[in-house]
1. Looking at the P(r) of the stretch 168-345, how many percent of alpha-carbon pairs lie beyond 28 Å?
2. Among 411-417, 248-254, 474-480, 83-89, how do they line up from the highest to the lowest mean number of other beta-carbon atoms within 10 Å?
3. Simple spin-label model, 7 Å along Cα-to-Cβ: Val166 to Arg373 in nm?
4. So for the pair Leu307, Arg135, with labels modelled 7 Å out along Cα→Cβ, what separation do we get in nm?
5. Based on the mean of other Cβ atoms within 10 Å per residue, sort peptides 366-376, 178-188 so the most packed one is first.
6. Can I get the semi-axes of the stretch 351-477's equivalent ellipsoid? Compute them from the C-alpha gyration tensor as square roots of 5 times the eigenvalues, in angstrom, largest first.
7. Arrange the following residues from fewest to most other Cβ atoms within 10 Å of their Cβ: Cys308, Cys273.
8. Arrange the peptides 264-270, 130-136, 298-304 so that the one whose residues have, on average, the most other Cβ atoms within 10 Å appears first.
Amino acid sequence: MSDQAAEEPSAPRYCARCNVTYHTPLAPAVCPRCGGPPELFHNPQLSETILLRDSNLGGSDPGNVASARDRRPDQLIGKQLHVYRIELLLGSGGMGRVYLAHHDDLHRKCALKVLSPRTAEIDGEYIERFQHEGRAAASLIHPNVVTVHAVGEQDGCHFLEMEFVVGRSLQQLIIDEGQLTPERATALTAHIASGLAAAHRSGIVHRDLKPDNVLLTQHGVPKIVDFGLAKRIVVEDASIGERVVGTPNFMAPELFQDQPASPASDVYALGVCYFILLTGRFPFVTLSLSQLKQMVASDPIPDIRKLCPEIPLEMAECANVLLARSPANRPGDATDASQLLHAVLGQVRDIESLLKEAFAHTSGIEWTRCGSRYRLRLSLPEGRHQTVFVEPSDHPTRDRLLLFYSVCCTAQNEYYEEALRLNSEIPHGGLAIRNIDGQPKFVMVDTYPRSTVDAEDVRRSVLELGQRADQVEQALTGRDVN
């Protein structure tokens, strides 16, 4: 390949099903989100989804695939708008741009959504709807909803001040991690449902619930954004109608029939989010909007347990209920959906949230996930390190345990006597022999009932297990390899 070809700019493409524009080489490609074929970018007004960047304030986000027009120098950065000093562009789309701003009167950071003047020309009712829904959203105070502080206008520039969430979007989490563990997927969806329920109780319908519109705090708490501000997509397929409202991959079947958005249609979108978190894929991968409409209206939801056999039956059935074709067969609103999800989850906390709470204020611990197993790397005194693994057992859900273990060293015969002596001195957990990668190893182990374990149990067990395993390794081998 020539240097000129290698430097050729990527071609903007648009996926109408995901309502997102992204850049890809000229070679044939599929949408990186839904796997369907893209379209060449023919109308820059189509893609109006706001895509927030990651929290590193200036870093790149693979999920933020704004079009070429959004790469121009921004005229507002460094300028004053009302009481806000614009500092940084966080994301952009056809509806406008979202900035990190400083509130001069209150001396705090905020996210400022500034509407594009082009929006009023495309949709004459949008400004009025934006103001009405923005004021309604400002009345929502809930830990799983991004707080709207103010709606205003200056010199024809309409803006909305929102809570600034230092974190990443749920969409970015999906890009980074793909399929989540069933418990974590259910816990996140249950929290999202709780925030959505607060809106439904206030008579607010979101109309565009999707992973892009859910932000995660640094502690993994989901917060819904953009209530009631769903965009309208102009389409050319006569079988769909002139306009659809929302993002097609998350639209309930009745919305394709020109029925109004409702709490039940929000529940369907919640179900699509849940399906993606559980399986790592969309329920339907299609070639066009008309095919999507047909599949949503007539095809059965794919069998989740065939796609992912490790997903418990009750979670798979819950997803199917949320995705029921008829609104009458779904939970009527997010309050009912929240109750269903919390009942399925029971008292079980997902491991990720337990780890975040357990080590929120502890340095020297990093973790990664592989499937349902978490690998924690502990930095210990004198430059030593130790790895602790945390994973659920294979028992039925109600009997499941949370397993903690840390490898000390190879279980060689000459170590047995000293290992027995050390084991008798251990007040918490125990020293056992387990086959690891086909070799017998001395392993420090501990367990807790999955249904009752809390963050303090996790913190105490990980720290003590890691320290004890390192002491055993040092006493038996004098080395630091685990």
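Read-outs: derived from the displayed coordinates by stated rules, not from any lab. Worth saying up front: this structure is predicted, and the values here are computed from it rather than measured. Here the Cβ is made from the backbone with ideal geometry for all residues, glycine too, and neighbour counts use every protein chain on show.
1. The answer is 16 percent, as a whole percent.
2. The most tightly packed comes first, giving 248-254, 83-89, 474-480, 411-417.
3. According to this spin-label approximation, the distance is 3.4 nm.
4. 4.2 nm
5. By packing density, highest mean first, the sequence is 178-188, 366-376.
6. Output for the stretch 351-477: semi-axes of 24, 18, 13 Å.
7. Fewest to most other Cβ atoms nearby, the residues stand as Cys308, Cys273.
8. 264-270, 130-136, 298-304
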